[in-house]
1. Enumerate the amide H contacts of residue 73 below 5 Å, restricted to partners 5 or more residues apart or on another chain; note that Pro and chain-start residues carry no placed amide H.
2. Calculated FRET efficiency, residue 58 and residue 21, Cβ-Cβ r, R0 22 Å, to nearest 0.05?
3. Distance cut-off 28 Å, Cα to Cα: go down the list 42/81; 27/81; 53/90; 53/81; 50/79 and report the pairs above it.
4. Can you give the extra length, in nm with one decimal, that the chain gains between residue 112 and residue 35 once fully stretched, where that is 0.36 nm per residue apart less the Cα-Cα distance?
5. With charges only on Cβ, +1 for K and R and -1 for D and E, what is the dipole size of region 12-100 about its Cα centre, in debye, rounded to 20?
6. Report the FRET efficiency, 1/(1 + (r/R0)^6), for residue 13 and residue 100, where r is their Cβ-Cβ distance and R0 is 41 Å, rounded to 0.05.
7. Could you calculate the contour length gain from residue 65 to residue 85, that is, 0.36 nm times the residue separation minus the distance between their Cα atoms, to one decimal place in nm?
8. Residue-wise, which Karplus ³J(HN,Hα) couplings in Hz belong to region 34-43, taking 6.51 cos²θ - 1.76 cosθ + 1.60, θ = phi - 60°, and x for glycine or proline?
Amino acid sequence: MSVAPASAIENPRPQDVLSGRGNYINKHPGNEYFRSLVRQYKVTYVATHKNDKPLFSRIIFDSIRSLNPPGRFLRQDEKTKVWYDIGERKALDKTRQALREGAPELVQILNTGDDVARDSVAQSRAHRVEQGFIPRQPA
């Protein structure tokens, strides 16, 4: 893939989320922060109605973009070794995928009748509703 000079990024910032594999990617501060956001929202994401799930990827995306300086979602061109912004759509796709990872196992834990797990989900959801991140369920 060829990158236009105007969009080429020589050095990612600490706030950026890098796509790819390996220790450099995993240890990058932006990726560590991204994973912490995913962990923060995952239980509530899994327990939330399907129609509300897109809100979580948007919250995480917006959190990264609202950093100072703004975080970007980047991928490295294998030939030129420069980085480029993957754009909002692919960034949201990456975020949704991260939220889905491990979800079946989490659902199984939540469905085992574990009162502590269910209480944790209920408290987490109530907190997100209170903050205005997700809509209140009709009574």
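Every read-out reported here was derived from the displayed coordinates using simple, explicitly stated rules and does not represent laboratory data. Quantities reported herein were computed from a predicted structural model and do not represent experimental measurements. Methodologically, a virtual Cβ is constructed for each residue, glycine included, from the backbone with ideal geometry; neighbour enumeration extends over all protein chains shown.
1. When sequence neighbours closer than 5 places are left aside, the close amide H contacts are 17, 86, 87.
2. Details: r = 26 Å, r/R0 = 1.16.
The formula returns an efficiency of 0.30 here.
3. Values: 42/81 33 Å; 27/81 18 Å; 53/90 16 Å; 53/81 35 Å; 50/79 40 Å.
Table pairs above 28 Å Cα-Cα are 42/81; 53/81; 50/79.
4. On the way: separation 77, 0.36 × 77 = 27.72 nm, distance 2.60 nm.
Full extension from residue 112 to residue 35 adds 25.1 nm.
5. Details: 19 positive and 9 negative charges, 50 e Å.
It works out to roughly 240 debye.
6. It comes out at approximately 0.90.
7. On the way: separation 20, 0.36 × 20 = 7.20 nm, distance 1.19 nm.
Result: 6.0 nm gained on full extension.
8. Going residue by residue, I get 4, 5, 5, 5, 4, 4, 4, 9, 4, 4 Hz, with x marking Gly and Pro.
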